[in-house]
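For reference, the structure I am asking about is given below.
The values are calculated or read from the model by the stated rules, or taken from the named source; none is laboratory data. Please read all numbers here as calculations on a predicted model, not as lab measurements. So basically every Cβ, Gly included, is an ideal-geometry build from the backbone, and we count neighbours across all protein chains shown. Please note that ligands, DNA and RNA were not included when accessible areas were found on the heavy atoms of the full protein model with its side chains. Shrake-Rupley method; radii C 1.70, N 1.55, O 1.52, S 1.80 Å.
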Amino acid sequence: MANRKILIILSVASGLGAAALGQIYLSRLEEDVAGGAKVQLVSTVRDLPLGAVISKTDLALQRVPSSYVSRRQVRASDTEKLIGVRTNAALKGGDLIQWTDVAGGQETARSLAGLVQKGMRALNVASEQLFDGLLRPGDRVDLLYTSHSGAETATLLQNLLVLAVNGTTEVEAQGNSARGGGSVVLSMTVEQAQTVTQAEQGGTLRLSLRNADDITLLDKLPSTTQGEVQQAKERTDWAVAVKKQPEVPVIERVQ
């Protein structure tokens, strides 16, 4: 009787062991089919524009099968390295962050074409001034047009994204802007690109830098003529204003 009980116990234990081994096998098989064990990677919580400074609240963790993980992607253990760093590309909420997406990251060489959003175009524009070397990819500018005759100046386009400055797309690159003139690559629509290209044939272009958070477009902004410049000069010229002041009679004190 005792031997029979022992056999039953051994049989049950064997069955449980086989079930456990079967479960482990099925779990490993499921992992292999799904792409392997999960790895925690850093992703974005919200959309981040090019040049944005990353904060801790912008980041989240995603579990991704190991077979889908590349060495360019940022792992959970490196999350702190992203805090306070600027983005090298526009990121969508939920995107997995790669080292090439941040300034100073590994393998920082990036394709300019990869920065151009769908439906937009990148256009190289020569400029006489790049703000003494302070202009950076990720900044936003307005484009001013002055005819060759100098008769008038107008704001041609507003709120254009800077993709590259003097041949570099790196936000934190040292010396990427010459203190004099240079070239800047701007993001714009197909129609805007045609307008700018035609404008270059009849005049000169100049950049006007915007605040990074200011995306307001001014409607029906008038152009400025030479006559209006002269009128403004006369209104603000102290010497001219003094000459136009009426003479105050001097009253001599009676002794």
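Give the long-range amide H neighbours of residue 102: residues separated by 5 or more places, or on another chain, with amide H under 5 Å away, using H modelled in the peptide plane at 1.01 Å from N.
Answer set, sorted by chain and number: 88.
How much length is gained if the chain between residue 55 and residue 95 is pulled fully straight, taking 0.36 nm per residue apart and subtracting their Cα-Cα distance, in nm to one decimal?
Values: separation 40, 0.36 × 40 = 14.40 nm, distance 1.53 nm.
Taking 0.36 nm per residue and subtracting the Cα distance, the gain is 12.9 nm.
With label points built 7 Å along Cα→Cβ from the Cα atoms of residue 194 and residue 231, find their separation and express it in nm.
Once both label points are built, they end up 3.5 nm from each other.
Amide H neighbours of residue 48 under 5 Å, counting only residues 5+ apart in sequence or on other chains, H built in-plane at 1.01 Å?
91, 92, 93
Given a 1.4 Å probe and the protein chains all in place, what does the accessible area of residue 80 round to, in Å² to the nearest 10?
Approximately 120 Å² of residue 80 is accessible to the 1.4 Å probe.
So what is log10(I(q)/I(0)) for region 56-129 at q = 0.11, 0.14, 0.17 1/Å, when the Debye sum runs over its Cα atoms only?
Listed by q, the Debye log ratios stand at -0.36, -0.55, -0.76.
Near the amide H of residue 39, under 5 Å away, which other amide H atoms are found, from residues 5 or more places off or on another chain, if H is placed in the peptide plane?
64, 66
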